[in-house]
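Each reported figure results from applying straightforward, stated rules to the coordinates on display, with no laboratory input. All values reported here derive from a predicted model rather than from experimental measurement. Neighbour counts are summed over all protein chains in view; Cβ atoms, including those assigned to glycine, are modelled from backbone coordinates with ideal geometry.
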Amino acid sequence: YIFGGDQVGKAPFSLDGSGNLLYNGQNVETGTFHDEFRYIDVGIGLDVDASGNVAPKSAFNVSTSGAVLLGTGVDGNGITNNLHNLLGDIAEKFENDDLSDIQLYSDKLNEKASDIRIQYVSIGAKSDYISFFSERLYSEKTNAAKRQSELEGINLEEAIIIFSEQELAYNACLQMGSKLLQPSLMDYLR
């Protein structure tokens, strides 16, 4: 799932019976969330520390947490930091014709839009990084195959000429030997 963080096998977002948004089973306004990492080896040497955890500098974190993207908790004014809940609160305010503190909600919406742009740029940078390493590894594979071919392979035309010369010399030696050692009738009778 996109924005599943380190839980890629299950849907990260759901709603509870009251309509509250949950991220990996925790309410986005009251839950505590940890940093989520999902590492892949991009060919720079994957290292693991003594406790079996991947060393962050040796791998690439491909996860993007939905909790970070949409936001969690509430701010000092009691306004939710979660985009889903914020849009619901704004819709509720419009339905109730309560525009008293709509500017706070508008500012929060602009802040969330900025946060999403930052995440969008981060995902784009990750994508570019993966593309760069993919192209680099393909280039290294091509160069290694070419070098291996140069070291282990043969020039087919040159090999055929050398083989033909050696075959000609071998046949000439056999003919010369058979003429020198002509069998006689006595050799057959022995």
Exercise. Over the range 8-146, what relative contact order in percent results from Cα pairs under 8 Å that are six or more residues apart?
Worked result: 18 percent
Seminar exercise, completed: dims of the range 103-157, Cα set, principal axes, largest to smallest, nearest Å -> 80, 14, 6
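Calculated FRET efficiency, residue 49 and residue 102, Cβ-Cβ r, R0 41 Å, to nearest 0.05? Don't skip to the answer; put the middle values down first.
Working: r = 50 Å, r/R0 = 1.22.
Efficiency, from the Cβ-Cβ distance: 0.25.
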For this session: Would you calculate a helix-derived [θ] at 222 nm for the chain, using -39,500 (n - 2.57) for each DSSP H run of n ≥ 4 and dividing by the full residue count, to the nearest 500?
Result: -18000 deg cm²/dmol
For this session: Mind checking the full-extension length gain between residue 18 and residue 40? Use 0.36 nm per residue of separation minus the Cα-Cα distance, one decimal, nm.
Result: 4.1 nm
For this session: Could you tell me which of 59, 84, 24 has its Cα farthest along the dipole of the range 1-137 towards the positive end, charges placed at Cβ (Lys, Arg +1; Asp, Glu -1), taken about the Cα centre?
Result: 59
Seminar exercise, completed: Of 85-91, 125-131, 63-69, ordering from highest average Cβ density within 10 Å down gives 63-69, 85-91, 125-131
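Quick check for me: using +1 on Lys/Arg Cβ and -1 on Asp/Glu Cβ, what's the dipole size of the chain about its Cα centre, in debye to the nearest 20? Intermediate results must be reported in sequence, preceding the final value.
Working: 14 positive and 28 negative charges, 203 e Å.
Value, rounded to 20: 980 debye.
Divide the volume of the convex hull of the Cα atoms of the chain by its number of residues and quote the answer in cubic angstrom per residue.
Values: hull volume 54.0 nm³, N = 190.
Each residue corresponds to 284 Å³ of Cα convex hull volume.
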Exercise. Long-range amide H contacts for residue 74: which residues qualify at under 5 Å (H placed 1.01 Å from N, peptide plane, sequence gap of 5 or more or a different chain)?
Worked result: 81
Exercise. Under a straight-distance cross-link criterion of Cα-Cα below 23 Å, which lysines are reachable from residue 93, leaving out those fewer than 8 residues away in the same chain?
Worked result: 108, 112
